Amino acid sequence: VTPRRWISDRWTWIAREGKARFSAETLQRPRIALYDPEHILVDVLGYYKDSLEFSVCEEAGLLIEDVRQNPANLVLINAGTQEELTCTIETIRRSVQDTPLVGCILPRPAWEGLSESVASILVKPITKGQLNQAIQELNRPVQKILLIDNDSDITDLYTRMLEAGRPGVQVTSAASGRAALNQMKADPPDLVLLDLSMPEMDGFAVLAEKDRDPATRPIPVMIVSATDLHSSPLQSRLILATMANGVAPAKLVECAVVLSELLLRPGSKLDPAPG
């Protein structure tokens, strides 16, 4: 076989000038190319800056160019919906060879997506004192209150609490989001108590539609939730992994076994950065 290039002992060694693009320390850490338009994962990865090196791109084209110039151990893609995630992965995989693509759906914390009309969030179970204190902190007259909850026992309980703590208050209820919106338009209340977990139309959908109507938008809302939205941990409801040319059956089985071990193991081997 004829060599493509000969090596000569008369060649002169020329040292590379300038600084390397990455430090030796950086090159020893796994590098992640991150597609995260909403910058939701950026703060999460920041906790592991001593263990990982990563770059962030808000557009698929920029990420593709980044990986071509600076090879990565993996491409991590975060999207808002499964459809968006699948579409983004298909766009990137055609141009990124030999680099694993891992996708997730990590939404913004629920409380960040709430409208400005949300005055407060009450975590179940709530007491009569907590309920009336929250209403008092509105610093506005409240005579008509609309309770939105599909559980009649809950609305009955809150009605008794309100009537006991606020003599003369008018309390009505709606068992569904659609019925609540109709009531808000027909007879606007001074305050809405809204449960987030309802069938068909949940509390988030009620808030979104309420805020689209100028007539109902100013009505203040108190959310009553079984979970504390401010402290609820971020969770991705799926993990999607692939390569540019797909995954062979043997590798698929091996990945599934390793992934199951990781998912079942408590904690993480990645150490968060101090501070």
So which residues in the range 219-244 are closer than 19 Å to Leu147 by Cβ, at pLDDT 80 or above and loosely packed, with under 12 Cβ neighbours inside 10 Å, if there are any at all?
none
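In the range 180-203, what count of residues is obtained for those that are modelled with pLDDT of 85 or more and among the polar types (S, T, N, Q)?
So the answer is 2.
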Which fully enclosed strands (runs of 3 or more DSSP E) of the range 92-192 have 3 or more residues being assigned by TED's automatic domain parsing to the domain that holds Pro220, over 25 Å from the mean Cα position of the chain (by Cα) and in contact (Cβ under 8 Å) with a residue 40 or more places away in the chain?
144-148
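Run down Ala241, Ala205 and say which single residue is in a strand (DSSP E or B), small (Gly, Ala, Ser), under 31 Å from the mean Cα position of the chain (by Cα) and closer than 30 Å to Thr86 by Cβ. Let's see the steps before the verdict.
On the way: Ala205 fails: in a strand (DSSP E or B).
After ruling out the rest, the residue left standing is Ala241.
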Would you confirm, using the coordinates I've provided, whether Thr242 is assigned by TED's automatic domain parsing to the domain that holds Ser117 and either within 22 Å of Gly129 (Cβ to Cβ) or not small (Gly, Ala, Ser) (or both)?
no
Looking at (1) surrounded by fewer than 17 Cβ atoms within 10 Å (Cβ to Cβ); (2) in contact with a strand residue (DSSP E or B) (Cβ under 8 Å, 6 or more places away or on another chain); (3) of a type in the set (D, E, K, R), find the lone condition where Lys128 falls short.
(2)
On the basis of being at pLDDT 95 or above, surrounded by 18 or more Cβ atoms within 10 Å (Cβ to Cβ) and among the aliphatic types (A, V, I, L, M), does Leu76 make the cut?
yes
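The values are calculated or read from the model by the stated rules, or taken from the named source; none is laboratory data. Keep in mind the model is a prediction, meaning the values are calculated, not measured. Neighbour counts are summed over all protein chains in view; Cβ atoms, including those assigned to glycine, are modelled from backbone coordinates with ideal geometry.
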